[in-house]
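Please read the structure below before turning to the comments.
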Amino acid sequence: MKVAIIKYNAGNIFSVENALRRVGVEPILTDDADVLASADKVLFPGQGEASTTMAYIRQHGLDRVIRQLRQPVLGICIGQQLLCAHSEEGDTDCIGIFPVNVKRFVPQRHEEKVPAMGWNTLYIKEQNPLLKGLGEHPYAYFVHSYYVPTCPWTTAESFYIHPFSACLSKDNFYATQFHPEKSGKVGEQILHNFLSL
């Protein structure tokens with residue numbers, strides 16, 4: 001199986017590479033359109049800032065490449081956010097797979113810190129092949145200042161200040177706000193599920 005990770009100016013991609021190796025896959029890190037199009041699975045992970053990241057993605061034509069992918073695609077963290085329509089971070093137009101806008105967390109109380117960082121519960125709303133075998137209310141690891149509101153494509157939600165989309169799904173596109181590569185057995189199961197799609 002040919003598994004590609006989209007190469008762009010985002011951090012934390014190497015931890016996803018290592019997580020895939022732990023589940024028995026040697027991924028290809030690439031920004032080549034032909035390689036991405038011919039892969040069996042494509043991951044779009046990363047940490048970064050939306051406007052500078054989208055500028056890089058547009059400059060390299062990766063927005064068009066991503067929209068045209070027909071195999072299973074998994075966006076992770078900023079990858080989930082950039083698959084949406086627009087982000088409040090830098091007032092940025094994004095790739096537009098999920099027609100929903102990304103918002104910034106606004107603390108309501110002194111103890112609510114941004115970024116939201118740490119383990120949080122997943123509340124699975126819709127049975128989905130990406131989420132099978134996770135048990136009831138699994139925990140996953142999050143680090144984020146921006147979030148996708150709950151919407152028709154939300155398959156799992158979490159709560160910080162208010163409910164938000166922990167997972168999204170639409171056609172061949174899947175996305176997680178949390179980091180499967182840092183989420184222990186739950187994250188490993190999600191990667192296995194994705195590779196089995």
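Numbers at a glance
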| read-out | value |
| --- | --- |
| Residues (without any contact (Cβ under 8 Å) to a residue 60 or more places away in the chain and either in a strand (DSSP E or B) or touching a Ser or Thr at 6+ places or on another chain (Cβ under 8 Å) (or both)) located in the stretch 45-71 | Gly46, Ser51, Met54 |
| Check on Gly187, open to solvent by less than 30 Å² (accessible area, probe 1.4 Å) and in a strand (DSSP E or B) | no |
| Selection from the stretch 28-40 of residues that are surrounded by fewer than 21 Cβ atoms within 10 Å (Cβ to Cβ) and either in a loop (DSSP other than H, G, I, E, B) or of a type outside the set (A, V, I, L, M) (or both) | Thr30, Asp31, Asp32, Asp34, Ser38, Asp40 |
| Failed item in (1) more than 15 Å from Leu191 (Cα to Cα); (2) out of contact with any Cys (no Cβ under 6 Å at 6 or more places or on another chain); (3) open to solvent by 40 Å² or more (accessible area, probe 1.4 Å), with Arg22 passing the rest | (1) |
| The stretch 124-153 residues that are polar (S, T, N, Q), paired with ones that are open to solvent by less than 70 Å² (accessible area, probe 1.4 Å) and assigned to a loop (DSSP other than H, G, I, E, B) (beta carbon under 8 Å, 6 or more apart) | Ser145/Glu89; Ser145/Phe105; Ser145/Val114; Ser145/Pro115 |
| One residue from Ile97, Ile28, Ile76 being of a type in the set (A, V, I, L, M, F, W, C), more than 21 Å from Cys151 (Cβ to Cβ) and at pLDDT 95 or above | Ile28 |
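The values are calculated or read from the model by the stated rules, or taken from the named source; none is laboratory data. Everything quoted here is computed from the prediction, not taken from an experiment. Positions of Cβ are backbone-derived with ideal geometry, glycine not excepted, and every protein chain shown enters the neighbour counts. For accessibility, only protein heavy atoms count, side chains too; no ligands or nucleic acids. Shrake-Rupley method; radii C 1.70, N 1.55, O 1.52, S 1.80 Å.
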